[in-house]
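The values are calculated or read from the model by the stated rules, or taken from the named source; none is laboratory data. Note that the coordinates shown come from a computational prediction; the quantities given were computed from them, not determined experimentally. Every residue, glycine as well, gets a Cβ built from its backbone with ideal geometry; the counts of neighbours run over all protein chains shown.
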Amino acid sequence: MHERAVVGSTLVIKGELTAHEDVVIAGRVEGLIIVTGHLVVVEAGAHVAGDITATGIVVSGTVEGSLMAEERIQVQAGADLHGDVSAPRVVVADGAIVNGRIETVAAAAPRKLKIAS
């Protein structure tokens, strides 16, 4: 069974949120979010004021803070992101707003390519 925690649409969390399972945010979180080895989803209508660190991040709502993912960050159409983004893979859908720096970083050490002779 795949576990996940849900911050419901009427909930407001102020402070640090840490988890070792997927986290779905439909309400408001004010503070740092750290999810080890799992996914964070910020649903449409949700609001996060703080940095998010996770294996993967999907944003459909509003985030005011930096995002850092080990694998992938996806910013959906209609999302509003104000902060820097750092991950090996970053996807920004048409219609998403991103106001910040986007950095794609290597997931592992880069391999050297041989020059064809």
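Looking at (1) touching a Lys or Arg at 6+ places or on another chain (Cβ under 6 Å); (2) of a type in the set (Asp, Glu); (3) within 19 Å of residue 28 (Cα to Cα), find the lone condition where residue 84 falls short.
Of (1) touching a Lys or Arg at 6+ places or on another chain (Cβ under 6 Å); (2) of a type in the set (Asp, Glu); (3) within 19 Å of residue 28 (Cα to Cα), only one is false for residue 84: (3).
It is to be established whether one or more residues within the range 53-66 are acidic (Asp, Glu), in a loop (DSSP other than H, G, I, E, B) and in contact with a His (Cβ under 9 Å, 6 or more places away or on another chain).
Kept after step one, since they are acidic (Asp, Glu), are these residues of the range 53-66: 64.
Among the residues that remain, those that are also in a loop (DSSP other than H, G, I, E, B) are: none.
The answer is no, given that none of the residues of the range 53-66 is acidic (Asp, Glu), in a loop (DSSP other than H, G, I, E, B) and in contact with a His (Cβ under 9 Å, 6 or more places away or on another chain).
Filter the strands (runs of 3 or more DSSP E) completely within the range 6-50 down to those with at least 2 residues that are acidic (Asp, Glu).
none
Within the range 92-104, is even one residue at pLDDT below 95, part of a loop (DSSP other than H, G, I, E, B) and of a type in the set (Val, Ile, Thr)?
no
Let me confirm something: among 10, 18, 55, which residue is under 22 Å from residue 103 (Cβ atoms), without any contact (Cβ under 8 Å) to a residue 60 or more places away in the chain and of a type in the set (Ser, Thr, Tyr)? Steps first, please.
Values: 10 fails: under 22 Å from residue 103 (Cβ atoms); 18 fails: under 22 Å from residue 103 (Cβ atoms).
Checking each option against the conditions leaves just 55.
Testing residue 34 on (1) out of contact with any Ser or Thr (no Cβ under 7 Å at 6 or more places or on another chain); (2) surrounded by 12 or more Cβ atoms within 10 Å (Cβ to Cβ); (3) at pLDDT 95 or above, one condition comes back false. Which one is that?
Checking residue 34 against (1) out of contact with any Ser or Thr (no Cβ under 7 Å at 6 or more places or on another chain); (2) surrounded by 12 or more Cβ atoms within 10 Å (Cβ to Cβ); (3) at pLDDT 95 or above, the one that fails is (1).
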